[in-house]
Every structure is written in C-alpha cells, then in structure tokens.
1. Which of the residues that make up region A:1-18 are over 12 Å from A:Ser98 (Cα atoms) and hydroxyl-bearing (Ser, Thr, Tyr)?
2. Picking from B:Glu137, B:Glu103, B:Glu147, which residue would you name as being surrounded by fewer than 12 Cβ atoms within 10 Å (Cβ to Cβ) and without any contact (Cβ under 8 Å) to a residue 24 or more places away in the chain?
3. Give the residues of region B:24-36 that are touching a Ser or Thr at 6+ places or on another chain (Cβ under 9 Å) and closer than 17 Å to B:Gly47 by Cβ, sorted by residue number.
4. Which residue pairs have Cβ atoms closer than 6 Å, lie 6 or more positions apart in sequence or on different chains, and pair a first residue in region B:82-98 that is within 14 Å of chain A (Cβ to nearest Cβ) with a second residue that is crowded, with 17+ Cβ neighbours inside 10 Å and outside any loop (DSSP other than H, G, I, E, B)?
5. Can B:Lys16 be described as under 24 Å from B:Leu140 (Cβ atoms), charged (D, E, K, R), crowded, with 19+ Cβ neighbours inside 10 Å and more than 14 Å from every other protein chain (Cβ to nearest Cβ)?
6. Out of A:Leu79, A:Leu36, which single residue is aliphatic (A, V, I, L, M), closer than 18 Å to B:Ile108 by Cβ and within 14 Å of the chain's Cα centre (by Cα)?
7. Can you tell which of B:Ile59, B:Ile12 is within 23 Å of B:Glu123 (Cα to Cα), modelled with pLDDT of 95 or more and β-branched (Val, Ile, Thr)?
Amino acid sequence: MEKVIAGYTVDVTEEGYLTQMKQWNKEIAEAIAKELGIHELTEGHWKVIEFLRRDFAETEKVPTTRRIKNVGNIPTKDLYDLFPDGPVLKAAKIAGISKPVSCV
Amino acid sequence: MPNDDKIKKVSIIISKGSLEGVYPGLILANGARMKGIEANIFFTFFGLDAITKKKMNKIKVATVGNPAMGIPSLIGIMPGMSALASGMMKKQMEQLDIPPIPEFIEMIYDAGGKLYACLASVEMFKLKKEDFCDQVEDVLTVGDFYELSAGGQIIFT
C-alpha cells in the first residue's frame, strides 16, 4: 500500500515498513522515528541506521542484534538505549528496510 | 488485539544444564527484550551451569536418553559422542547467528534482561555468588522470584 511520509509517497507494508529501500530518505527516517517516539535522531542513531541499510543491501536480510554488535560494532546496550522497546524492529522501520524475521 | 492484551513481562525458569535445556530459555528471554518485553531469568538446578563461570562454556547436548537425537543410547554413551554432537549443533547455531552461551548471557544482560540464581540450588551445589558470571544480579529465594515475577508470565523450561 501507499503512504505519504514527510511529503513523499512511498510503498509500505501494513505495518508501515518500506517495501523499497530506495524510496527512503533522511526526512522519511525522521518522520518514522517521531511516530515511534524517538524525537531526535542523533549520530548514534544514524550509525545504526546506516549499518542496517548497508548490511541489508549486501545480504538482503535484516541483521540480528548479534551481527549489529559484532559486524556493525554497535554495543547491544547502546542499541537498546537508542531504540528502546524493540530496537531492531524500530531501527529497521526507520532505516526503510524490511521487518526483521529472525528469532535472535 | 487491544494493546492491553500484549505481554509486558516474562519470567523464565531454566532448570536444565544441557544445550537443549538452556537455549530455549535464553532465546525466549532475548526475544522478549527484542520486542520490548521485560525479561527475568531464574536459573535453578543444573540450569545454574549456564551462569557458572567454570561451566558455561562447556554445556553439551545429551546424546543418551534423548530419542529425538536419532542416536541409539548405546552409541551415544561412547566417549566423545556428546562433544561431537554438541560441536555439530553449535556450528548450525552459529550459521543462524545464535551466540555461544557466554556471549548470549552477556547480550541478554546488555539488552536489559535480569539474571538470577535460585538459592536452594546454589546451597545444594555449594556455590557462591563469585562462582557466577558478572551478569548475575542476585541469588533469590522462590518467594523473591514470585515477587519479582508479579504481573507477568512465568515460563518453565
């Protein structure tokens, strides 16, 4: 389905995850973040978002928390502090990639 | 489903010290934190091995008395079988990005999960707080455990 986010028309799933990562931009990220209760995206947030987008483009999978830690060099504690209450679910939505489907 | 029906808190009991006894509880706890659900883990009986510094790295899968393994117990009893099966299973898990137990415990702790040891078992095995990894919050009585589980779901594994 189509949705207008930050003035851009994008394709999203019912849950609001972008289906085409190339439709994403930083303004869309900021708008989704606000919807999720994150009012300002800091340098730490962008580091996670950029890693998720880069890794998703390479592997076609949303990285696990462990991969974000070991490959993305983002400590798990920081990840949870930056995106409280469901960090990878939230970060993936903001990053304009698929909903994570892994159990770990 | 209205928001009020969502699970907000889980308290998971890990009571077994085999690989297949420990992982489900850890995956449930970590998965809860990934969904923003509060998670406590209570380690009891041989489950304590998963948080005991000297043992947490050596947890093995049971090859004897475990019909689902497809290995006859007579073969499973042979020296090295358990290590072999554990090695194979660990390799599989690594491919799925499921961490080894010490790393998993650390991740759950960093994710805000709380880890506790059961007092009765700690006394039975003559263990001390120092025998456990740093991520263990406290040694609790069953009564304490129920108190901290109040308002959430309790899962026994």
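The values are calculated or read from the model by the stated rules, or taken from the named source; none is laboratory data. Quick caveat: nothing in here was measured; it's all calculated off a predicted structure. Virtual Cβ from ideal backbone geometry, glycine too; neighbours counted across all protein chains shown.
1. Across region A:1-18, the qualifying residues are A:Tyr8, A:Thr9.
2. B:Glu147
3. Answer for region B:24-36, where residues must be touching a Ser or Thr at 6+ places or on another chain (Cβ under 9 Å) and closer than 17 Å to B:Gly47 by Cβ: B:Pro24, B:Gly25, B:Leu28, B:Asn30.
4. B:Asp97/A:Arg66; B:Asp97/A:Arg67
5. On the way: under 24 Å from B:Leu140 (Cβ atoms): yes; charged (D, E, K, R): yes; crowded, with 19+ Cβ neighbours inside 10 Å: yes; more than 14 Å from every other protein chain (Cβ to nearest Cβ): yes.
For B:Lys16, the condition - under 24 Å from B:Leu140 (Cβ atoms), charged (D, E, K, R), crowded, with 19+ Cβ neighbours inside 10 Å and more than 14 Å from every other protein chain (Cβ to nearest Cβ) - is met.
6. Working: A:Leu36 fails: closer than 18 Å to B:Ile108 by Cβ.
Exactly one of A:Leu79, A:Leu36 is aliphatic (A, V, I, L, M), closer than 18 Å to B:Ile108 by Cβ and within 14 Å of the chain's Cα centre (by Cα), namely A:Leu79.
7. Numbers: B:Ile59 fails: modelled with pLDDT of 95 or more.
When all the criteria are applied, what remains is B:Ile12.
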